[in-house]
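Take a look at the structure set out below.
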Amino acid sequence: MSKSVSHKLIESHLLSGKMEIGEEIGLRIDQTLTQDATGTMVMLELEAMGLDRAKTEVSCQYVDHNIIQSDFKNPDDHLFLYSACQKFGLWFSRPGNGVSHPVHMEKLGIPGKTLLGSDSHTCAAGSLGMLAVGTGGLEVALAIAGEPFYVKMPKIMGVKLTGEMPDWVSAKDIILEMLRRHNVAGGVGKIIEYYGPGIEKLNAMERHVIANMGAELGATTSVFPSDHQTKHFLKQMGRENDWVELKADEGVTYDEHDEIDLSKLVPLIACPSSPGNVVPVKEVAGRPIVQAMIGSSANPAMRDFAISAMMSEGQQVQPQVSFDINPASRIGLENITRDGHLSSLIKSGARIHQAGCNGCIGMGQAPATGRISLRTVPRNFPGRSGTKEDQVYLCSPEVATASALKGEITDPRDLGIPYPKYSEPDVLETVEHLTPPPAPGTKVDLIMGPNIKPLPPFSAINDHIEGPTLLKMKDDVSTDEILPAGAKVLPFRSNIPEISKFTFGQIDEQFYDRAMPLQKSGFVLVAGKNYGQGSSREHAAISPRFLGLQAVVAKSYARIHRKNLINFGVLPLVFDNPADYEKIDQEDVLEIVNVHESLKNGKPFQVQNKTKGINFTASQTFADLERESVLAGGLINIVLARKK
């Protein structure tokens, strides 16, 4: 039977379950990735588990999100993470090395391996022919401890790429075209596998752009073959010996299929405030802008900065525009400096920032109120930029640069200049910046500053849940709206009581004050479709749980957030009849009875709206470990019980 790349990756790592769509499978994890916004909780979880040393082949902790040192909190956490890497046997990437995804690809990613990361854009490593999945931190902690990763067997969606991209169209336009067709939930429950003659000329970092933003489709991950382009990339990094060929068999069929003729693509742009709100640039051309940003995990390649530099050479950006350059890795920064592209950007009036996530996660570079910011970042959820009334558009480096030069949204084909031709050098500067783990047996104490607090304990779920609907939310609520990121909030990532004060602040500034009196008695939440899309940060589950959240009733969930709720003992239910959503108002008191029996027997949950005197049912399909986690009040309670 012919096999896809995805099937080969899963089959070679399958520890339990059957490869049948919807069935729970357990996978062996070779590598893990954590970043500092989520990694502090992972390290606290490893400490709570009493782990001696990582059981994976490679695990690396990156410091890329919280690199602004405005007070002691971030520096303290950086020292804590370094000490944790020394104690548990992980690699460490210091601040300034760059964003985890391209750096991992440069230094540690290997075709044919599995990678689990506590960052939703971990899927970017699918560009190397890896099975790379983003998930919550607790599941990454368990993988580091040698436990399997459990996930429902996804469908495999084959996307055939044909033709060649015309001038002024780049890899960003390919993934924006996918989002234009399938929107932000079109990939839920699927692995997206790219193949066909159109990928032949897409280099590894161009594939990274596409695989990275597969997270915005809601996909479990995206996968490319490991071929001559992968080999060339690893050779550039001095790691050619890590290359293995991995491709689909002839005649393979896919569960779903799509096809994109690259020659027919035009420059595209995602309008506020969703990555799925995609239109041709020409439809919105002429709107004035105040910011254009190049970089992030979604456009990390040297090519992206070099194209921008060549477009800007001899020109000046408009005076009202902040032209922000965010190098994605230290290696990339070293090489665009060597090749003179950084100098061209500086002369054009660009602002050069340190290698890291920066404005993508709201760490500085916030735009002016209500003014347009063009960004090559992966997400434009409301307020994610750090400005509540933001107007963030997602686009390619070509579109962002053309617009910075004109001061308004501009189709780069209208600049009247030749398209810059860029070829990456065969040899790159690749100075080693990662710190390897110490020898086994090295004794290290954790360095814990005053802002670092232990993970709060959570009790088992009650058999009878009753509480007010503290919020009723619309479709596509993101984790940025549940628990924001940004320079004001993320420094408290290792302190759940403090970071919980920002819970749902983007939706209701009074939420924390309304929730605290209910911390012991509890409350419920009601939401529309695709609840919890976006970032994998488990704080968006832990903080509401800390404040008293017992259950959520929604029309549907994003994969990672649903699992995070379960991992911390929150009951996530789905309306059996979506019309029942309309019958609930905020503050209505909901009651769910016989919770334990319904969980154990897989029966629909009986829900009563006591305020309106209306009954309805809600369901959820739980795998065995998920059911056990909800009953126990969280996955970590199960792990700790096993150690007794």
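Bear in mind that the values in this text are calculations on the coordinates, not laboratory data. Note that the coordinates shown come from a computational prediction; the quantities given were computed from them, not determined experimentally. Note that we place each Cβ from the backbone using ideal geometry, even for glycine, and neighbour counts take in every protein chain shown.
Using the alpha-carbon centroid of each, what span in Å lies between the range 113-173 and the range 482-525?
When both Cα centres are located, 30 Å separates them.
To one decimal place, what Kirkwood hydrodynamic radius in Å is obtained for the range 270-412 from all pairs of distinct Cα atoms?
Over the range 270-412, the inverse of the mean reciprocal pair distance is 14.6 Å.
Using the C-alpha atoms of the chain, what convex hull volume per residue, in cubic angstrom, is computed?
143
Which entries in the list Lys247/Lys474; Lys18/Lys443; Lys190/Lys474; Lys235/Lys388; Lys172/Lys488 go over 32 Å, if you measure between the two C-alpha atoms of each?
Working: Lys247/Lys474 41 Å; Lys18/Lys443 41 Å; Lys190/Lys474 24 Å; Lys235/Lys388 44 Å; Lys172/Lys488 30 Å.
Checking Cα-Cα distances, Lys247/Lys474; Lys18/Lys443; Lys235/Lys388 exceed 32 Å.
Binning at 10 angstrom from zero up to the longest distance, how are the C-alpha pair distances of the range 462-563 distributed in percent?
Cα pair-distance distribution for the range 462-563, in percent: 16, 52, 30, 2.
What does the range 5-264 give for Rg and for Dmax, in Å, if only its C-alpha atoms count?
Cα radius of gyration and Dmax of the range 5-264 are 18.2, 58 Å respectively.
Calculate the radius of gyration of the Cα atoms of the range 245-311 to one decimal place, then report Dmax, the largest Cα-Cα distance, as a whole number, both in Å.
17.2, 50
Could you work out the relative contact order of the range 231-350, using alpha carbon pairs under 8 angstrom and six or more residues apart, expressed as a whole percent?
Relative contact order, the range 231-350: 20 percent.
What is the distance in Å between the Cα centroid of the range 179-194 and that of the range 207-239?
Each part reduced to its Cα centre gives a spacing of 16 Å.
If each Cα of the range 419-458 is one equal point scatterer, what is log10 of I(q)/I(0) from the Debye formula at q = 0.14, 0.23, 0.25, 0.26 Å⁻¹?
-0.72, -1.01, -1.02, -1.02
Ordered by residue, what ³J(HN,Hα) values in Hz, to whole numbers, does the range 401-417 give under the Karplus form 6.51 cos²θ - 1.76 cosθ + 1.60, where θ = phi - 60° and Gly and Pro are x?
With coefficients 6.51, -1.76 and 1.60, one gets 5, 4, 6, 5, 6, 9, x, 8, 4, 9, 6, x, 5, 8, 6, x, 10 Hz.
For Ile269, enumerate residues with amide H under 5 Å from its amide H, sequence gap 5+ or separate chain, H modeled in the peptide plane.
Correct list: Val279, Val281.
So what's the angle, to the nearest 10 degrees on a 0 to 90 scale, between helix 302-312 and the longest Cα principal axis of the chain?
50
Semi-axes of the equivalent ellipsoid for the range 465-643, please: Cα gyration tensor eigenvalues, times 5, square-rooted, ordered largest first, whole Å. Display every interim value, and only then the final one.
Values: eigenvalues 109, 81, 44 Å².
Sorted largest first and rounded, they come to 23, 20, 15 Å.
Sequence gap at least 6, Cα distance under 8 Å: using those rules, report the relative contact order of the chain to the nearest whole percent. If you can, show how the numbers build up before the last one.
On the way: 1630 pairs, mean separation 89.7, N = 644.
Computed value for the chain: 14 percent relative contact order.
Among His78, Leu44, His101, pick out the residue whose Cα is farthest towards the positive end of the charge dipole of the range 1-104, where Lys and Arg carry +1 and Asp and Glu carry -1 on C-beta, about the Cα centre.
Towards the positive end, the residue furthest out is His101.
Relative to the compact-globule scaling 2.2 N^0.38 Å, provide the ratio for the alpha-carbon radius of gyration of the range 367-474.
Taking the Cα Rg and dividing by 2.2 N^0.38 Å, one obtains 1.92.
Could you give each residue of the range 34-41 its phi-based ³J(HN,Hα) in whole Hz, using Karplus coefficients 6.51, -1.76, 1.60 with θ = phi - 60°, and x for Gly or Pro?
Going residue by residue, I get 10, 10, 5, 5, 10, x, 4, 5 Hz, with x marking Gly and Pro.
Excluding residues fewer than 8 places away in the same chain, name every one of the aspartates and glutamates whose C-alpha is closer than 12 Å to that of Lys87.
Glu47, Asp52, Asp445
Over all directions, how big on average is the projection of the convex hull of the alpha-carbon atoms in the range 65-166, in square nanometres?
9.5
What does the extension gain come out to for Asn601 and Glu283, with contour length at 0.36 nm per residue minus their alpha carbon separation?
109.2 nm
How high is the relative contact order of the range 5-264? Use alpha-carbon pairs under 8 Å, at least six apart in sequence, and give a whole percent. Before the final figure, lay out the partial values.
Values: 573 pairs, mean separation 58.3, N = 260.
That works out to 22 percent.
In whole angstrom, note down how far apart the Cα centers of the range 580-627 and the range 244-312 are.
Using only Cα atoms, the two centres lie 41 Å from each other.
Go through Lys152/Lys643; Lys113/Lys600; Lys73/Lys563; Lys55/Lys231 and tell me which ones have a Cα-Cα distance over 32 Å in this structure. List each step's numbers first, then the result.
Numbers: Lys152/Lys643 27 Å; Lys113/Lys600 35 Å; Lys73/Lys563 29 Å; Lys55/Lys231 28 Å.
With Cα atoms farther than 32 Å apart: Lys113/Lys600.
Please turn the phi angles of the range 593-608 into ³J(HN,Hα) values with the Karplus equation 6.51 cos²θ - 1.76 cosθ + 1.60 (θ = phi - 60°), one per residue in order, whole Hz, x for glycine and proline.
With the stated coefficients, the range 593-608 comes to 10, 6, 4, 4, 5, 5, 5, 5, 9, x, 8, x, 8, 8, 10, 10 Hz.
Please list, in order, the residues from the range 380-394 whose amide nitrogen is less than 13 Å from a point placed 7 Å along the Cα→Cβ vector of Ser70.
Under 13 Å, as judged by backbone N against the label point of Ser70, lie 386-387 of the range 380-394.
Can you pull out the GluC sites (Glu not before Pro) in the range 252-321 whose DSSP state is coil and whose Cβ has at most 16 other Cβ atoms within 10 Å?
Sparse-neighbourhood loop GluC sites (Glu not before Pro): Glu313.
At most 16 other Cβ atoms within 10 Å and a DSSP loop assignment: could you name the GluC sites (Glu not before Pro) in the range 359-447 that fit?
Passing both the DSSP loop test and the Cβ count: Glu389, Glu429, Glu432.
Ratio of alpha-carbon Rg to the 2.2 N^0.38 Å globular estimate for the range 1-148, to two decimals, please.
This ratio for the range 1-148 stands at 1.06.
May I ask you to compute the full-extension gain from Ala439 to Ile417, defined as 0.36 nm times their residue separation minus their alpha-carbon distance, rounded to one decimal in nm?
Between Ala439 and Ile417, full extension yields an extra 2.3 nm.
If you keep only loop residues by DSSP, which trypsin sites (Lys or Arg not before Pro) in the range 508-550 have at most 11 other Cβ atoms within 10 Å of their Cβ?
Passing both the DSSP loop test and the Cβ count: Lys520.
Which cross-chain or sequence-distant (5 or more) residues have an amide H under 5 Å from the amide H of Gly364, H modelled 1.01 Å from N in plane?
HN-HN under 5 Å from Gly364: Ala487.
List every residue whose amide H lies under 5 Å from the amide H of Asp324, counting only residues 5 or more places away in sequence or on a different chain, with H placed 1.01 Å from N in the peptide plane.
Ala292, Met293, Ile294, Arg351
Mind checking which aspartates and glutamates have their C-alpha under 19 Å from Lys421, skipping anything on the same chain fewer than 8 residues away?
Glu164, Asp167, Asp173, Glu200, Glu206, Asp304, Glu313, Asp339, Glu398, Asp411
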